[in-house]
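Notes to accompany the following structure.
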Ligand SMILES: Cc1ncc(COP(=O)(O)O)c(C=O)c1O
């Protein structure tokens, strides 16, 4: 039972205690940093909040601003911090590696990459054959590489992605990302077709349609037939859309799609940049919740608890086909990132992080469904484990998106000490994806804050 249902008093919700004391901050002030950023950093960067906040320290699920004010991080640096900010074991592993050797490139052998790859491969189902790792510096780079590998292996060029999905910001991955059309279409998607998003909240087949998965999957089969030569290189999808607003693929959808894709000679790529490493609670990898086995899996974010690190995992024969060209990068598999990745994975595996995501995520989703009973503008509560979205609407019957309400709720949550994210095509989906060390008491606090924020939002 959460405390959210009882929150009617005027006193602000009480933040659970934390024994970490932030260090005194002696750097430039927020206003100065904002001015420097405006003058010297690209204006393409965005900030949240009417008054952007400055974060200078982190400890597990907590963030601290320059004044020492504490926030509950319910967005994990955009789903990146898997086991907690500055987790002591991860920090120690990186410190030790930094003191010994920071860089060499893969021209020479180093144990860290080999040991990390072995451990990472052991997390995939044995019969999947997913055993070869190619390390990159980001998720976008991993997706670029995955598509190049699929094209090299199949000899085909066409790729199918989903509308409103997000796969990165390189030129090629912007082409994959239906969401890059948010502002303006980017002409980067040569050879990429976008299939209908299987969105059971807004699409033609809803949660009550038992056959929704197959019906949405038909669109991919149609696209292969009508939009390609009939032979394709790959299909790429996230098991649960991240930036696109926590939309999970319907049951049976990926089984049907993977079958059509393979019949057209294509490979199936699962983008697990957000859903991997136990975050969905029910499985270590998001694809395992859908009864499918991808040919290529891409990883980033939670893999390194904040390190600039990504990876492509695939079968040996697919990796081998790519040796027809030389491929490496300067920092991929660097010893420091490898130390950070390995320590993070050890914490995830040894500390029962997946089971925790399941337990705490169930509490979170249950609490949000309770809130939904009192706040009809919570149009849809969805997700799995600690990969959760709340779609805000003006009216549950019309489902008119409520982006201004989402922005206001975000603002109010911040005022009460909770940082959540937002996303979705209309910017009206609250994204709640905390570090997986979050505690039950933090979830109750978050729900109480959200309850207040929804009750008091100016546009509510
Ligand atoms: C599902 C997904 N794929 C790929 C990316 C790109 O990762 P990166 O920002 O590390 O390039 C992201 C980033 O948000 C993502 O959410």
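So the values come out like this:
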| item | result |
| --- | --- |
| Estimated FRET transfer efficiency when R0 is 25 angstrom, pair residue 399-residue 455 (beta carbons, to 0.05) | 0.70 |
| Cβ crowding within 10 Å averaged over residues, with 361-373, 301-313 ranked highest first | 301-313, 361-373 |
| Gain in span if fully extended, residue 114 to residue 36, counting 0.36 nm per residue against the direct Cα distance | 24.0 nm |
| Virtual paramagnetic centre 7 Å along Cα→Cβ of residue 323, amide N under 14 Å, in the range 134-167 | none |
| Expected 222 nm ellipticity per residue - DSSP helices of 4 or more, -39500 (n - 2.57), all of the chain, to 500 | -11000 deg cm²/dmol |
| Label-point separation in nm, residue 231 to residue 105, each point 7 Å along Cα→Cβ | 3.6 |
| Residue 411-residue 439 pseudo-label distance in nm [points 7 Å out on the Cα-to-Cβ vector] | 3.2 |
| Fraction of antiparallel bridges per DSSP, the range 186-307 only, in percent to nearest 5 | 10 |
| Within the chain, percent of DSSP bridges classed antiparallel, to nearest 5 | 70 |
| Calculated FRET efficiency for the pair residue 96/residue 21, C-beta based, R₀ 25 Å, to 0.05 | 0.50 |
| Theoretical gain in end-to-end length, residue 171 to residue 10 [0.36 nm per residue, Cα-Cα removed] | 53.0 nm |
| Computed lengthening from residue 45 to residue 122, 0.36 nm per intervening residue step minus Cα-Cα distance | 24.0 nm |
| Bridge type composition, the range 89-350 - antiparallel percent by DSSP, nearest 5 | 45 |
| Peptides ranked, highest mean first, by Cβ atoms within 10 Å: ranges 40-52, 220-232 | 220-232, 40-52 |
| Inter-label distance for residue 89 and residue 351, nm, one decimal - labels placed 7 Å from Cα along Cα-to-Cβ | 0.7 |
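Rule-based calculations on the coordinates, nothing more; no lab input. Note that the structure is predicted; figures quoted are calculated from it, not measured. As a convention, Cβ positions derive from the backbone with ideal geometry for all residues, glycine included, and neighbour counts pool all protein chains shown.
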